[in-house]
Amino acid sequence: MTCPNCKTEHTGEAKFCGNCGHALTEQAAGHRAEQQLIRSAPTQAVASNEKVEQAKQFASGYFQFFKNALKAPSAIMKSGHIEVRNGIISLVLICFLFACMFYRMMSQATSVATRFAPEVPAPSFFGESVKIFLFLLILVLFVGFIVFVSGKLMKSSFSFLETLGVWGTVSTPVVAVLVIALLFSFLTIFLAAFFLGIAVSWMSVCMIVSIVKLDRGGLDPVYTLIVANILISIVSWIILWSYIQTIINTLTGSFSGFY
């Protein structure tokens, strides 16, 4: 350690300079802090690089999963390995893309309505899309639970998360259909509505395929599907009706004020 006053060299344990008497404790504390910063800098850089690498691996892994699921959605069950995480990610993406599509359709409907009722409020992306996204997430959880219960009726050993993974894996191609629908929504709303209808029908088919894939005996799949569809219809109506009623009241109020 070097004295900052007279530049005399000392050992690390010295507290005062033996030549001029200057205190060395402040310098020692500063020296230790500097050494800690030097040591922590590479650690922080390594942690940052690790996060970047993890994000790259995560994106690359899902992209590979997406390509495989796009080629053969139901083939994932043949190997006995269930892509739980990637399947759930697909369900979340589907909810997000559905929310974006609903926002686009509401925007188009509002632009037409403002020609007759200028006071009709324009929908907010972060307001309306987030609400629809949350509603769809809740709907997916309820439907996933119904699929899980249906599997239990057929003596399936899969957990709730594994059931969501199966349903999400089979439904992964819907992500591509919704991306196409979203792109067409900026060109023509009619083609976008057409692809949106395909996506909704596809999700229903995927739900049926998922239940059939869970069959291990027990209740006959036909009766299981009937029970599942009745429950899903009830849950869908309860969850979506509140939001649909809000939209109807908003538009009705705007047009009644116009007339």
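Given R0 = 25 Å, the distance between the Cβ atoms of Lys67 and Val92 translates into a calculated FRET efficiency of 0.85. Looking at the stretch 125-217, the chymotrypsin sites (Phe, Trp or Tyr not before Pro) that sit in a DSSP loop and have at most 14 other Cβ atoms within 10 Å of their own Cβ are Phe186.
A simple spin-label model places the labels of Ser107 and Phe190 2.1 nm from each other, with each point 7 Å out along Cα-to-Cβ. Summarising the label geometry, the points placed 7 Å from Cα in the beta-carbon direction at Glu53 and Val179 lie 2.7 nm from one another. Taking label points 7 Å from Cα along the Cα-to-Cβ direction, Asn229 and Cys6 give a separation of 9.8 nm.
Taken together, the values in this text are just the output of simple stated rules run on the coordinates, not laboratory data. Keep in mind it's a predicted model, so treat the numbers as computed, not measured. All Cβ positions, even for glycine, are placed from backbone atoms using ideal geometry, and neighbour counts span all protein chains on display.
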